[in-house]
Amino acid sequence: MGHLNLESHVFSVLKDKIQLIKNNGSAIYLVGPIQLPVNLYGETVIFQWYCWLNYDEVTEDYEKIIDNLASENLAEYQQSSVLVYGDFENEDDALIRLHSICHTGDIFGSKRCDCGFQLKESMKKIKEHGTGALFYLANHEGRGIGLFSKAMAYVLQENGYDTVEANESLGFENDLRKYDDAITVLKTLRKKPVTLITNNPNKLEALRDSGMSVAGRTPLWGDVSEYNKKYLETKITKSGHIESERTCPND
């Protein structure tokens with residue numbers, strides 16, 4: 001009986017924090033908001049955190065979904081999430097960042113790319129702006145090729161290949177990333193226009209193609225060094241990234 005009471009209490013706590021987003025015959029289950037105090041350049045900043053799960057079964061029986069979680073072994077799969085700051089739903093002007101996971105840059109602080117800098121700087125810009133959201137996209141490692149393949153691509157890069165050449169030599173396209181799920185969650189959280197923090201025109205195009213109103217773009221170049229200069233040049237010359245407001249050492 002005690003176990004049943006505990007289960008009932010658990011569900012009563014969780015049920016109002018879960019919502020179903022129907023998504024082309026499947027489901028996105030969104031959990032949140034959850035208060036998340038974040039250490040941002042030595043300052044504690046309070047964000048609201050949401051996480052979402054792609055699931056084949058479409059149901060508003062959230063108790064059934066929760067009961068199934070223990071057998072799903074979700075730690076073997078990637079789930080994305082979003083950090084929200086300020087009154088994201090209602091403020092007229094909001095900054096957003098669609099940030100692709102980078103194990104080496106975001107976690108280890110690798111200087112081979114600018115991802116770790118872009119992650120922290122985007123959060124800083126959103127906080128200073130007063131309203132916004134950072135979407136952390138967990139199935140985007142290595143532009144969608146995965147961490148193990150990215151490691152092999154790094155070996156090729158150490159032997160003269162650039163980022164695009166390395167990915168394509170392993171049988172992948174230059175960029176396999178999709179933004180549909182993140183944009184679906186974005187539209188659930190906000191209906192008003194957004195300003196996108198990016199140098200990547202593909203992200204702008206994905207937002208506009210979805211029907212989302214885009215008020216503008218904020219560029220994000222920085223933390224350029226001898227270790228990532230070729231990587232950043234390849235972003236511009238082969239991946240079409242917008243060069244405005246970029247500075248490189250020795251330029």
Next on the checklist: List the helices (runs of 4 or more DSSP H) inside the stretch 134-251, counting only whole elements, that have at least 2 residues being aliphatic (A, V, I, L, M).
Outcome noted: 147-157, 163-169, 180-189, 201-209, 229-237
Item to check | Among (1) surrounded by fewer than 17 Cβ atoms within 10 Å (Cβ to Cβ); (2) within 25 Å of SER213 (Cα to Cα) - the single one GLU165 does not satisfy | outcome: (2)
Checklist entry - Any idea which residue in the stretch 44-67 is nearest to TYR136 (Cα to Cα), counting only those that are assigned to a strand (DSSP E or B), of a type outside the set (Phe, Trp, Tyr) and at pLDDT below 95? => result LEU53
Next on the checklist: With the structure loaded, tell me whether ASN68 is of a type in the set (S, T, N, Q) and either within 27 Å of LYS127 (Cα to Cα) or touching a residue at least 60 places away in the same chain (Cβ under 8 Å) (or both) or whether it fails that test.
Outcome noted: no
Item to check | Unique match (being surrounded by fewer than 22 Cβ atoms within 10 Å (Cβ to Cβ), within 19 Å of VAL214 (Cα to Cα) and either under 18 Å from the mean Cα position of the chain (by Cα) or at pLDDT 95 or above (or both)) among ASP106, ASP92 | outcome: ASP92
Next on the checklist: Considering only the stretch 180-198, I want to know if a residue exists there that is farther than 24 Å from MET212 by Cβ, surrounded by fewer than 20 Cβ atoms within 10 Å (Cβ to Cβ) and more than 14 Å from the chain's Cα centre (by Cα).
Outcome noted: no
Item to check | Filter result for GLY132 (closer than 18 Å to SER80 by Cβ, without any contact (Cβ under 8 Å) to a residue 24 or more places away in the chain and small (Gly, Ala, Ser)) | outcome: no
Checklist outcome for this item: Among the residues of the stretch 113-133, the number that are of a type in the set (D, E, K, R) and either farther than 17 Å from LEU40 by Cα or outside any helix (DSSP H, G or I) (or both) is 1
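The values are calculated or read from the model by the stated rules, or taken from the named source; none is laboratory data. Only a predicted model underlies this, so the values are computations on that prediction, with no experimental measurement involved. We place every Cβ from the backbone using ideal geometry, glycine too, and count neighbours over all the protein chains shown.
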